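Student: Sharing a structure, written as structure tokens. Questions coming.
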Ligand SMILES: Cc1cc2nc3c(=O)[nH]c(=O)nc-3n(C[C@H](O)[C@H](O)[C@H](O)COP(=O)(O)OP(=O)(O)OC[C@H]3O[C@@H](n4cnc5c(N)ncnc54)[C@H](O)[C@@H]3O)c2cc1C
């Protein structure tokens, strides 16, 4: 029977990063990446807005981002790939006093962890980004180290660098159909093409995290939820590239894309499902909120839109690491809209668990599944869109 030291399920940005970090750390390791589709990066990754930021409200998310931002800054050199990290920043704005007061607490935490975040008065926002309506704003926060990039480029960068390192086999059109165990340990992975003996399975199945975990009799509470994005046609209404800008009062967000703007707004009433059909009706709701904050959008045309899936947990934090009751099974999902930005840190930490026995670079004990079983800290991430 075929044998692998580690089986990685899924080849989105998370599976590709996990494979890269395993191959980089341990040349002799036999790693199999099993992907049910015919190519890498066909799940939620290429549908992402590509945002990368450290402006979070939880220490663990900030630490995951700090590592990832440093990594993405050097990715093109280190992995010898084309990867353009556009560090035009992230700008959070609010017109509500209560939210502004909350921003202050967030900034203190972010700065204590090294995030170079600025607090901006409405006049400063107006001066730097005149396309934004700012007369109703109370406050903004900005970090110029944040920004955005192409998640497909990142995934292909990990994938191609891993192939050059060797030791990892990527197998496409190979769905995982079962996970076997004996005496509380993973023993085999079943696929459409046969059975593989392995002591480690890393669930990097994105929105299908829960489905794959259930094959091992585990319940990981992450639900797929549709999120839609639209791009405008290119226009001359705004000079230069803008930060990824989030209106925290409405949830509307935008950034530069292909000479125009990308526009997003989560529907809070969207039910969990695998539906990815573009929600045309929601565009009308979005446009109203978008034109309030970016009035020149009145002259823009929407070019196209698409729907994709977030994998959302009850506290909007990922489920990372070992799952009690089944040795050898690792969860790497439930990112709640932040999986692209957290891919480098997740890859590193999963490799540390496999090779060193525990994640050491960042303390991710608070991200264990045990927090939903009454054994941990349930402080939710608040800066979520
Ligand atoms: C509209 C939208 C905007 C977003 N914006 C951002 C953002 O700005 N920044 C950010 O960081 N994140 C963002 N995200 C989230 C981000 O896209 C995800 O967190 C990230 O792509 C997750 O990567 P992944 O590799 O876990 O999942 P995926 O890319 O979905 O990959 C999972 C893979 O697992 C495979 N798979 C599933 N089941 C099996 C099986 N049984 N056997 C074999 N293979 C299987 C699938 O085919 C898929 O290829 C956004 C998401 C959406 C939808």
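The values are calculated or read from the model by the stated rules, or taken from the named source; none is laboratory data. The model shown is predicted, which means the values in this text are computed figures rather than measured ones. Please note: Cβ atoms are built from the backbone with ideal geometry, for glycine as well, and neighbour counts cover all protein chains shown.
Student: Look at residue 11 and say whether it is in contact (Cβ under 8 Å) with a residue 60 or more places away in the chain, on the phi > 0 side of the Ramachandran plot and not in a strand (DSSP E or B).
Tutor: No; evaluated as a whole, the condition is false for this residue.
Student: Can you tell me how many residues within region 150-187 are in a loop (DSSP other than H, G, I, E, B), in contact with a helix residue (DSSP H, G or I) (Cβ under 9 Å, 6 or more places away or on another chain) and farther than 18 Å from residue 201 by Cβ?
Tutor: 2
Student: Name the one entry in 200, 230, 208 that is in the same structural domain as residue 305 (by TED's automatic domain parsing), buried (at least 17 other Cβ atoms within 10 Å of the Cβ) and modelled with pLDDT of 95 or more.
Tutor: Result of the check over 200, 230, 208: 230.
Condition check ((1) away from the ligand (no atom under 14 Å from the Cβ); (2) touching a helix residue (DSSP H, G or I) at 6+ places or on another chain (Cβ under 9 Å); (3) without any contact (Cβ under 8 Å) to a residue 40 or more places away in the chain; (4) assigned to a loop (DSSP other than H, G, I, E, B)) across all residues:
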{"residue": "7", "(1), (2), (3), (4)": "no, no, no, no"}
{"residue": "15", "(1), (2), (3), (4)": "no, yes, no, no"}
{"residue": "22", "(1), (2), (3), (4)": "yes, yes, no, no"}
{"residue": "40", "(1), (2), (3), (4)": "no, yes, no, yes"}
{"residue": "43", "(1), (2), (3), (4)": "no, yes, no, yes"}
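Student: Looking at residue 256 and the list (1) out of contact with any strand residue (DSSP E or B) (no Cβ under 6 Å at 6 or more places or on another chain); (2) farther than 23 Å from residue 45 by Cα; (3) assigned by TED's automatic domain parsing to the domain that holds residue 272, which single condition is not satisfied?
Tutor: (2)
Student: Can you tell me which residues in region 45-61 are in a helix (DSSP H, G or I), more than 9 Å from the ligand (Cβ to nearest atom) and crowded, with 24+ Cβ neighbours inside 10 Å?
Tutor: 61
Student: Among the residues of region 325-377, what is the count of those that are surrounded by fewer than 19 Cβ atoms within 10 Å (Cβ to Cβ) and within 14 Å of the ligand (Cβ to nearest atom)?
Tutor: Result for region 325-377: 0.
Student: Considering each residue of region 211-230, count those that are under 12 Å from residue 334 (Cα atoms) and in a strand (DSSP E or B), and give that number.
Tutor: 3
Student: Separate question: If you check residue 241 against the conditions, is it more than 13 Å from the ligand (Cβ to nearest atom) and in a loop (DSSP other than H, G, I, E, B)?
Tutor: Answer is yes for this residue.
Student: When region 70-104 is examined, which residues are found to be in contact (Cβ under 8 Å) with a residue 12 or more places away in the chain, assigned to a helix (DSSP H, G or I) and over 23 Å from residue 165 (Cα atoms)?
Tutor: Selection gives 97, 99, 100, 102, 103, 104.
Student: Among the residues of region 112-148, write down those that are in contact with a helix residue (DSSP H, G or I) (Cβ under 7 Å, 6 or more places away or on another chain), under 26 Å from residue 292 (Cα atoms) and crowded, with 20+ Cβ neighbours inside 10 Å.
Tutor: Scanning region 112-148 gives 117, 132, 134, 137, 139, 140, 141.
Student: Could I ask something else about it? Can you tell me which condition residue 105 does not meet? The list is (1) modelled with pLDDT of 95 or more; (2) within 30 Å of residue 368 (Cα to Cα); (3) surrounded by fewer than 19 Cβ atoms within 10 Å (Cβ to Cβ), and all the others hold.
Tutor: Every listed condition holds for residue 105 apart from (1).
Student: Within the group 26, 2, which residue is modelled with pLDDT under 95, away from the ligand (no atom under 12 Å from the Cβ), farther than 13 Å from residue 343 by Cα and surrounded by fewer than 20 Cβ atoms within 10 Å (Cβ to Cβ)? Spell out the reasoning first.
Tutor: Working: 2 fails: modelled with pLDDT under 95.
Just a single option satisfies the conditions, and that option is 26.
Student: Scan region 306-324 for residues that are surrounded by fewer than 18 Cβ atoms within 10 Å (Cβ to Cβ) and either on the phi > 0 side of the Ramachandran plot or within 15 Å of the ligand (Cβ to nearest atom) (or both) and report the count.
Tutor: Count: 2.
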